[in-house]
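All remarks here apply to the structure that follows.
The values are calculated or read from the model by the stated rules, or taken from the named source; none is laboratory data. Note that this is a predicted model, so its numbers are computed, not measured. Neighbour counts are summed over all protein chains in view; Cβ atoms, including those assigned to glycine, are modelled from backbone coordinates with ideal geometry.
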Amino acid sequence: MENSYKIHLYVFLFAYCGSRLVTCVSSEEKVQYSTDNEIATKELFEAKIMEIEAKVVNLETKVAKQEYIIKALQNGCEVSRAGHVSVNKTDNKNKILGKNFIPRTCQEAYDQGMIMTSGLYIIDPDGQNVGGESEDPIEVYCDMGVGSAVKTLIGHDTEATGAVEICNDAGCFKKDIHYFASDKQIEALIELSNECHQYFKYECIEAPFEYQSEQVSWWDDRNENQQFFWSGKYTSPNAHTCECGIYGNCVGGGTKKCNCDSGLKDLQVDSGIISDKTKLPVKRLNFGHIIADGLYTLGKFECSGKVFISGMPRTCADLRGFGHALNGMYLVMGNDSIENIYCDFSKLQSDNDFQKQIGRVEVQSSPTFFYVQRSRKMDSGIITFQNAPVNIGNAMNLSTGKFTAPVFGTYFFSFSGIGSMDFTTKDAKLQVSLIKNSQNIGKGEAQLTQGLSTDTLTLQSTVDLQAGEQVWVNINIYGEIHLFDDVDQHYTHFTGWLLQEDIVETLNYAN
């Protein structure tokens, strides 16, 4: 009985002490639980606020679109059930803008004085092709913004902040992006614009872009290639970085390229502007190794400004930038000549049939050819001339005997004459040299022996000259000999002409 009492007492004491210990530990856990709960609640509220802000922006866009549709209906345009405004391209009338011309970009509409305020408008980036091969105009948001650059914004179906689903594999969560414009119209807008960009933001808790040196998240560009940079421009294949990686201030140390790669269990954010217009727009988002939470936000596709083209057009792309939209043959500046090309403006710049080479065109800005003669004999120095049956371009100076190239190009020269000696029994030699800027580039020679009083000499050469360079013929004699001529017969002839002008160098020199 006594032993039984002791056992019950021990059990009671153990239970009492145990309950006191549990009470002590539970108090600490309650404090920790309360702190964690407050942090989680704060993060939840922040996420909800961002989600609500995104919804507000989306609703504002919808309201603006409804107002735009009402205006379109009032102007007699057709509106589909999906809310797309139809413009009759055969009439070439932009009823919303009230003009007989549909601008290709918001910048072009602004430059033409067609729009002055931000709002929804119709544009036609690929142009109003007469053959009917271009696509229908699109509706975009024109943002006047600050400064002279006007933005063209194309929306998509994923502008509201979205949540990723928990999954483990690389790229296991995918989200396709559908834009409110065709791929062709978007690419045409890119070709016409000075710059294009797209905003991206990712809020993450244990949802990295890179995990154990493996790329688990990426986006697909317009050519369906994987891209791993989330801000800035493409630098190299598989280059992985975010905005903090560009500036070297990512959470987790200098080796990290994104805040979400830190591995921390609290909320991290990576946001930035993707600005490589050769890759944009984003066509699909791919996320992987999502342990906890992730929220993504992808902004509208934005382009601004216009491509600056200096000098004369060199390609069909340059011609399109100048505003040409009619298919046909055009003259453009080649590498060293004027070239004839065929432009199909119904195609994109990346299409093989967009530009076809037809051939070179021989163009001379300054036609040049001459034929000059002597009327009397001479025996030394630069050969001068007294007669000029032809001197088109006046590049040949008879009194100095020097030809001055008016333009860059390839020239041909030919000289002929007679060497003569009188009343001598000794051998003699007469040489003529073609001189370019005091440099000997060719010689002709007449050799006379006893019993032979005359000998014909000729000299021909093809020479590349820059504008302003000079060519002349110089005479040297060895013995009793001279260059024969008289006033009636004209035995000395010098002729030359421009074979082919380097029109590109000529125009560059003139500018």
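Of note:
- Residue in the range 384-402 that is crowded, with 17+ Cβ neighbours inside 10 Å, touching a residue at least 24 places away in the same chain (Cβ under 8 Å), in contact with a helix residue (DSSP H, G or I) (Cβ under 6 Å, 6 or more places away or on another chain) and in a loop (DSSP other than H, G, I, E, B) present: no
- On inspection, ILE341 fails the criterion of being surrounded by fewer than 18 Cβ atoms within 10 Å (Cβ to Cβ) and either free of Cβ contacts under 8 Å to residues at least 40 places away in the same chain or assigned by TED's automatic domain parsing to the domain that holds ARG104 (or both).
- Test for TYR247: is it within 24 Å of the chain's Cα centre (by Cα) and hydroxyl-bearing (Ser, Thr, Tyr): no
- Cβ-Cβ under 6 Å pairs, at least 6 apart or on other chains, the range 443-472 side under 13 Å from GLY417 (Cβ atoms), far side surrounded by fewer than 16 Cβ atoms within 10 Å (Cβ to Cβ) and β-branched (Val, Ile, Thr): GLY444/THR458
- The range 368-379 - residue that is touching a strand residue (DSSP E or B) at 6+ places or on another chain (Cβ under 6 Å) and part of a loop (DSSP other than H, G, I, E, B) and, of those, farthest from ASP464 (Cα to Cα): LYS377
- Of all residues in the range 148-162 being of a type in the set (A, V, I, L, M, F, W, C) and touching a Phe, Trp or Tyr at 6+ places or on another chain (Cβ under 8 Å), the one that is surrounded by the fewest Cβ atoms within 10 Å (Cβ to Cβ): LEU153
- Pair list, Cβ < 9 Å and 6+ apart or interchain, from the range 272-296 residues that are free of Cβ contacts under 8 Å to residues at least 40 places away in the same chain to residues that are part of a strand (DSSP E or B) and basic (Lys, Arg): none
- Residue in the range 223-264 that is surrounded by the most Cβ atoms within 10 Å (Cβ to Cβ), counting only those that are β-branched (Val, Ile, Thr) and part of a loop (DSSP other than H, G, I, E, B): VAL251
- Among residues of the range 237-252 that are over 13 Å from PRO208 (Cβ atoms) and of a type in the set (Ser, Thr, Tyr), none has a beta-carbon under 9 Å from a residue that is at pLDDT 90 or above and surrounded by fewer than 11 Cβ atoms within 10 Å (Cβ to Cβ) at least six positions away or on a different chain.
- Test: residue in the range 217-232 that is assigned by TED's automatic domain parsing to the domain that holds ASN259, in contact with a helix residue (DSSP H, G or I) (Cβ under 6 Å, 6 or more places away or on another chain) and either farther than 30 Å from THR105 by Cβ or without any contact (Cβ under 8 Å) to a residue 24 or more places away in the chain (or both): no
- Test result for LEU448, in the same structural domain as ILE382 (by TED's automatic domain parsing), aliphatic (A, V, I, L, M), at pLDDT 85 or above and crowded, with 18+ Cβ neighbours inside 10 Å: no
- Of all residues in the range 467-511, those satisfying the criterion of being in a loop (DSSP other than H, G, I, E, B) and either out of contact with any strand residue (DSSP E or B) (no Cβ under 9 Å at 6 or more places or on another chain) or of a type in the set (Gly, Ala, Ser) (or both) are ALA467, GLY468, GLY479, ASP486, VAL487, ASP488, GLN489, ASN511.
- Scan of the range 400-425 for residues that are farther than 30 Å from ILE503 by Cα and either among the β-branched types (Val, Ile, Thr) or touching a strand residue (DSSP E or B) at 6+ places or on another chain (Cβ under 9 Å) (or both), ordered by number: SER416, GLY417, ILE418, GLY419, SER420, MET421, ASP422, THR424, THR425
- Residue within the range 406-413 that is within 22 Å of ASP485 (Cβ to Cβ), at pLDDT 95 or above and in a strand (DSSP E or B) present: yes
- Only one of LEU430, LEU499 that is buried (at least 20 other Cβ atoms within 10 Å of the Cβ) and assigned by TED's automatic domain parsing to the domain that holds ALA388: LEU430
- So LEU326, is it surrounded by fewer than 18 Cβ atoms within 10 Å (Cβ to Cβ), part of a strand (DSSP E or B) and touching a residue at least 12 places away in the same chain (Cβ under 8 Å): no
- With respect to the conditions (1) closer than 22 Å to ASN440 by Cα; (2) in contact (Cβ under 8 Å) with a residue 40 or more places away in the chain; (3) surrounded by 15 or more Cβ atoms within 10 Å (Cβ to Cβ), SER380 falls short on a single one, namely (3).
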